[in-house]
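The values are calculated or read from the model by the stated rules, or taken from the named source; none is laboratory data. Bear in mind the structure is a predicted one, so any value in this text is a computation, not a measurement. Quick reminder, even Gly has a Cβ in these numbers, built from the backbone with ideal geometry, and neighbours come from all protein chains shown.
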Amino acid sequence: MSRFGSRELFPLVLIVALAGGPAGAYTVDSGFSDPCHEKMIGAAYRDFILDLPMSGMQAPPGETWRELSDYLLEHMPLNPDEVDEVKRFILVSLIIGVRAPDTDGHSIMNLQNLRRLHSDPSAEGQYAHSLRAPGDDYAEGDAAAVAGTRELILALMAEAQRYKALPSREQTIKVKVYFDFYGRIDVDVWAPLYFAGKAAHVLQDTFSHTIRSDEDDLRKIVHVLNYIDAITEDFDEDRDGLAHSDSMDRCLSEDAADLFDSAVEATTDLFFAMREQFSGRDPQAVLHVLDTWVTYKAGCTKDNEFCGNTRWLALVRKEQTKPYVKAIFGCGGAGPGRGRIFPALLLILVYFSVRYRKAVKVRGEVAPLRTG
């Protein structure tokens, strides 16, 4: 226990005890979660990356991004003959970008930081995960959340385009990235695709944090879920909307397969729109993608089962986020709460066991990453 002081242990115990885990929507790759966002990027990137004109661009010097690339690209169907060093660099930049909203440069295993990220009460903090902001109430809240999510995607893509217009030497920036057992390091990324990756994350989360319309081939949103109010005792479903649901986040489950496929299609559309808009061929290309995939369909309420979208309503209801106190102790007080203690303690033991074994491996077999 000497390697992990009480200051680290207490928040971990507290956070692990909170049932439901971080509201990360589709998860990123870690020892405790599936690589949902990475798999979506992997399915969507291929034609876009291979066809992306990169004349005159060079990969930056330094070994940090190169040493990380094998880990980051392990879920990508890469053919080494098709992807040269430059395309490898921009693809790594894209993956770091798509992971950023869920990690913000922190470890995916640092549950305290993940809770802080996903509990950000600002409107932008919730729209970064395609959720309702605290003031997005009643049916008007659905429309406001969809509008805020669209604005954030457009802002991120505008930032990507701004960097693309700079001289090539200024298009590479450094961002903070945390990799477990190495620490928090600065990594070079190609800014246009880094910000496009962040935008893709928001777009993908619109499939796990909303109820979409089957009648419209999942292209319209009829309801937006709520996390920031759902974790409080003041949560009111009629006012605040349906609570966030872990079952919607399970991208590899059979129940959510159609959502996963549509998220991949939307991501692919976003990438090709980026190319068209940045080239000047269609200055409104990204907006057209949002008009296709991120639009609100009014008139769908709990009273009409959100316009008959019963399968998604049933999926949402399976594992909804609850207030923190109820998540720990259960609605009935101490009895149900005791049932959560052993799994929480077991997860803590697993966490420290993994950290210890990985730390030994790093000391004995793996050269430390350089930070320059």
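Kindly establish whether SER208 is in contact with a Cys (Cβ under 9 Å, 6 or more places away or on another chain), under 30 Å from TYR45 (Cα atoms) and not aromatic (Phe, Trp, Tyr). Break it down into steps so the answer makes sense when it comes.
Working: in contact with a Cys (Cβ under 9 Å, 6 or more places away or on another chain): yes; under 30 Å from TYR45 (Cα atoms): yes; not aromatic (Phe, Trp, Tyr): yes.
For SER208, the condition - in contact with a Cys (Cβ under 9 Å, 6 or more places away or on another chain), under 30 Å from TYR45 (Cα atoms) and not aromatic (Phe, Trp, Tyr) - is met.
Could you name every one of the strands (runs of 3 or more DSSP E) located completely within the stretch 174-280 that has at least 3 residues being surrounded by fewer than 23 Cβ atoms within 10 Å (Cβ to Cβ) and over 16 Å from the mean Cα position of the chain (by Cα)?
In the stretch 174-280, the matching strands (runs of 3 or more DSSP E) lie at 183-190.
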Scan the stretch 90-109 and tell me whether some residue there is at pLDDT 85 or above, in a loop (DSSP other than H, G, I, E, B) and more than 19 Å from THR267 (Cα to Cα). no
Requested in this report: Output yes when any residue across the stretch 77-88 is within 16 Å of LYS174 (Cα to Cα), crowded, with 17+ Cβ neighbours inside 10 Å and modelled with pLDDT of 70 or more, and no when none is.
Outcome: no
